[in-house]
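The values are calculated or read from the model by the stated rules, or taken from the named source; none is laboratory data. Only a predicted model underlies this, so the values are computations on that prediction, with no experimental measurement involved. Positions of Cβ are backbone-derived with ideal geometry, glycine not excepted, and every protein chain shown enters the neighbour counts. Note: accessible area is taken over every heavy atom of the protein model, side chains too, but ligands, DNA and RNA are not part of it. Shrake-Rupley method; radii C 1.70, N 1.55, O 1.52, S 1.80 Å.
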Amino acid sequence: MLHREIVGLPTMVYPVDEWALVECEVDPDYLDRAETIFSLSNGYVGLRGAPDEGRPQHDLGTFVNGFHETWPITHAEEAFGFARTGQTIVAVPDARRFHLYVDDEPLQLTMADIESFERRLDMRTGELTRELVWRTPSGKRVRVRSRRLVSMAHRHLVAFRYEVTMLDGEAPVVISSQLRHEAATDESGRMVGDVFDPSTDVRLVGEGIDDPRRSESLGDVLVCEGHESTGSRGVLRYATSASGMTLACGIDHHVTADVEIDVDGVTDRARAKTVFFADLGPGQSLVIEKVAAYATSRSAPSMRLADRVNRVLDRALERGYDDLAAEQADWFARFWEAGDVVIEDNPVVQQAVRWSLFQLVQASARCEGTGIPAKGLTGSGYEGHYFWDTEVYVLPYLTYTMPRAARNLLRFRYSLLDAARTRAREVNQAGALFPWRTINGEEASAYYEAGTAQYHINADIVYAIRKYVRATGDTDFLVDEGAEILVETARLWVDLGFYRNGHVAGARESFHIHGVTGPDEYTTVVNDNAYTNLMARLNLRYAVEVVRLVEEYHPEVLARLRHRTDLRPGELEEWERAADAMYVPHDEGLGITPQDEHFLEKQRWDFEATPRDKYPLLLHFHPLVIYRHQVIKQADIVLAMFLLPSEFDADLMRRNYDYYDPLTTGDSSLSASTQSIMAAELGDDAKALEYFRFGLFVDLADVAGNVADGVHVAAAGGVWQTLVCGFAGFRDDGEVLAFDPRLPSNWRRMTFAITTQAGRVRVAMGRLEATYTLEVGEEMTIRHRDEELVLRAAEPVTRDLTPTVPAATAVG
């Protein structure tokens, strides 16, 4: 059930383009949203879509993934095992600035006389471009063209091109190119304020924040360790006050002009600035190519990082912007070949789908040694933390389109295993408990009811490992890092739960897990949450399967696994017993799966009496009010049906969906995709399309009202899942890829590709037929509905589509 209206971007300002997001004028009302939706990132470094000139701006944020400050979490009332270390992503010095002065008048977009304007985020090439014509106060016309990219091929590199041309008249032109630490400077660039001191600047959790989705503000946390300037190059070095992370960043330039130019440069603790002076006449231009590099570390001194930055700058300057842009376009051409979803003759939907997929690749491509923040690197929302979003909503897309990126993210989770072991000890459990939200591996959720209590994150990670390994055949990862995660997560479930009726004659023993929170954060600290129990059972059984695989086929790895985990004789049997006895609640009267032991005993929320402006409920009602009602923030049982379809027959799925869907508020951006997929599977096309549209436009239409804080990356992953798992009916049981197409009747055609260890199959489905083509590989067996098909290279196989569900209505 949806309680918010979708109002898209005005097409007169943001016209539809299937391969680009286009802005035709500067609209102050959309400034904060535009900064987010025009962001660029490669998964390591990200720039919000603020103007080149720096103003107007909402949040200029430039972020490096994992670069964060820590601070002590101070609870109003303390208790054993509470999270102790807050972590917040830190904005790094901003390299995009070109302050332009013509006749000593600055270009300020919202105040200037702009004759023409177009900004274009080109998703085909991964480049943001802008062209405008400015009539200065003295009546002279100036054309300004800019280009920027965050390199996919070179992880640490950002590049810019800024061109100023006098269309008529003569004028002195000054361009101040800067690398600027915004938190340490005021409007004019003067240094202000003191550095944040975590030992004295103590705050209660959430102090001054009225929306828990937003980020803690720490102020300036960077301590300058040095700055150097040579010619047009400037390098700045910093360390954080408490976390001990180090940063080096630098800029350099290549300039061409039709006239002689003068150059002046300076650096200080807050900025590296190079100023270019030229007197331009009609038709004359000044072009600045700027390259920027960022490097961070948890241990290396900033001087060493500065050496790396200098090497990156040297190589980039030799290449030049055009060469870097061509390389970027080639990279994206390869990405789109495997990762695109084509929706024919539906440009509104096509644009939004491609924008969503673009967000996924921007958030993940160069995540090497880090996770994916909930907002990617498009904003500071959720403090740059990593959640379960990655494993459940993003990794499926990467597994079937960019498996290298999926592997990197799973290896990052493995790097947090020791911290997860420590966290398990802190909450008095065996094994390992992965943090609900984190950057450095420590639990950063101060609200344990909707944080630490979500033990299901352990099984979510295992689910992602299982899906990745089945699709890719990467047994090297499975038997090494994967097996170790499986052992420790299985141990936690056995220690966390308990048996009933085990010693009662004739009674079947059952295994129960109490005091946990499922995906629905409006129902917390419950007993026998069905999603958690079902996912824990998968975790336990997969752990047994993999350890036995290691014992039989990888004896050299087994010794290492036993050494790392102290695996004991009899443990596998303990895990099997718990899995076989796992209790899954069922209500005979309603014929449904209760969300937890007591959910059905609660009063149903009065939706009719709740106006639209009271959503999301978490911002308008005390948690206790929400907790005592049957009301759901995001899909819980419905998510279990999607992830674990073999646990539910068709009738049970229908009854569950019919019961829980009206209770689900849509207050989480994670929910719409799951509800759409299950509605499509159950033949409810109207709901499937309604939920799809909600998830598709959650950011572009700012449905949740917080896109200014960054993109909802998991929702973008949900868009792909809805298209491929919902409308194409794609499932992967580890044996064969299965498709049950149910394309909306008013959609002409949808095409996408799935990559596995057997090769890449391209699926093209229309209203009346589906065609499967093996593009990479020699042979692959798939299932079309109930028919097994053997695909061979370059031999398309087509099957008729007899409608299995009522006709659907088009979106967009």
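Numbers at a glance
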{"item": "Residues (crowded, with 18+ Cβ neighbours inside 10 Å and among the acidic types (Asp, Glu)) located in segment 560-588", "result": "Glu571"}
{"item": "Test set (1) out of contact with any Leu (no Cβ under 6 Å at 6 or more places or on another chain); (2) not in a helix (DSSP H, G or I) - Phe63 fails condition number", "result": "(1)"}
{"item": "Test result for Ala716, in contact with a Leu (Cβ under 7 Å, 6 or more places away or on another chain), part of a helix (DSSP H, G or I) and either at pLDDT 95 or above or within 26 Å of Pro15 (Cα to Cα) (or both)", "result": "yes"}
{"item": "Top-ranked residue of segment 75-103 - restricted to ones that are in a loop (DSSP other than H, G, I, E, B) and in contact with a strand residue (DSSP E or B) (Cβ under 7 Å, 6 or more places away or on another chain), ranked as surrounded by the fewest Cβ atoms within 10 Å (Cβ to Cβ)", "result": "Ala76"}
{"item": "First in segment 167-180 and within 15 Å of Thr274 (Cβ to Cβ), second anywhere and part of a loop (DSSP other than H, G, I, E, B), Cβ under 6 Å, 6 or more apart", "result": "Leu179/Pro93; Arg180/Pro93"}
{"item": "In segment 29-55, the residues that are more than 16 Å from Glu118 (Cα to Cα), assigned to a loop (DSSP other than H, G, I, E, B) and more than 14 Å from the chain's Cα centre (by Cα)", "result": "Arg48, Gly54, Arg55"}
{"item": "Residue match in segment 393-404 (condition: assigned to a helix (DSSP H, G or I) and surrounded by fewer than 21 Cβ atoms within 10 Å (Cβ to Cβ))", "result": "yes"}
{"item": "Members of segment 42-74 found to be surrounded by fewer than 23 Cβ atoms within 10 Å (Cβ to Cβ), touching a helix residue (DSSP H, G or I) at 6+ places or on another chain (Cβ under 8 Å) and among the polar types (S, T, N, Q), listed by number", "result": "Gln57"}
{"item": "Failed item in (1) crowded, with 19+ Cβ neighbours inside 10 Å; (2) part of a helix (DSSP H, G or I); (3) modelled with pLDDT under 95, with Ala686 passing the rest", "result": "(1)"}
{"item": "Qualifying strands (runs of 3 or more DSSP E) (wholly inside segment 750-793; at least 3 residues being open to solvent by 40 Å² or more (accessible area, probe 1.4 Å))", "result": "769-776, 779-784, 787-792"}
{"item": "Breaking point among (1) farther than 22 Å from Met535 by Cβ; (2) in contact (Cβ under 8 Å) with a residue 24 or more places away in the chain, for Glu647", "result": "(1)"}
{"item": "Qualifying residue in segment 88-108 (condition: under 23 Å from Lys290 (Cβ atoms) and among the polar types (S, T, N, Q))", "result": "yes"}
{"item": "Members of segment 524-534 found to be touching a strand residue (DSSP E or B) at 6+ places or on another chain (Cβ under 7 Å) and closer than 17 Å to Trp388 by Cβ, listed by number", "result": "Asn529, Thr532, Asn533"}
{"item": "Output for segment 417-442, where each listed residue is open to solvent by 10 Å² or more (accessible area, probe 1.4 Å), within 25 Å of Asp566 (Cβ to Cβ) and in a loop (DSSP other than H, G, I, E, B)", "result": "Val427, Asn428, Gln429, Ala430, Glu442"}
{"item": "Pick from segment 104-122, criterion modelled with pLDDT of 95 or more and closer than 20 Å to Ser39 by Cα, ranking: surrounded by the most Cβ atoms within 10 Å (Cβ to Cβ)", "result": "Leu121"}
{"item": "Strands (runs of 3 or more DSSP E) fully within segment 221-306 counting 1 or more residues that are at positive phi and open to solvent by 10 Å² or more (accessible area, probe 1.4 Å)", "result": "222-230"}
{"item": "Entirely in segment 525-581, the helices (runs of 4 or more DSSP H) that have 3 or more residues that are of a type in the set (A, V, I, L, M, F, W, C) and touching a residue at least 24 places away in the same chain (Cβ under 8 Å)", "result": "530-553, 571-581"}
{"item": "Asp460 being open to solvent by less than 10 Å² (accessible area, probe 1.4 Å), closer than 30 Å to Ala738 by Cα and not aliphatic (A, V, I, L, M)", "result": "yes"}
{"item": "The one condition in (1) open to solvent by less than 20 Å² (accessible area, probe 1.4 Å); (2) under 22 Å from Tyr400 (Cβ atoms); (3) in contact (Cβ under 8 Å) with a residue 60 or more places away in the chain that Val469 fails to fulfil", "result": "(3)"}
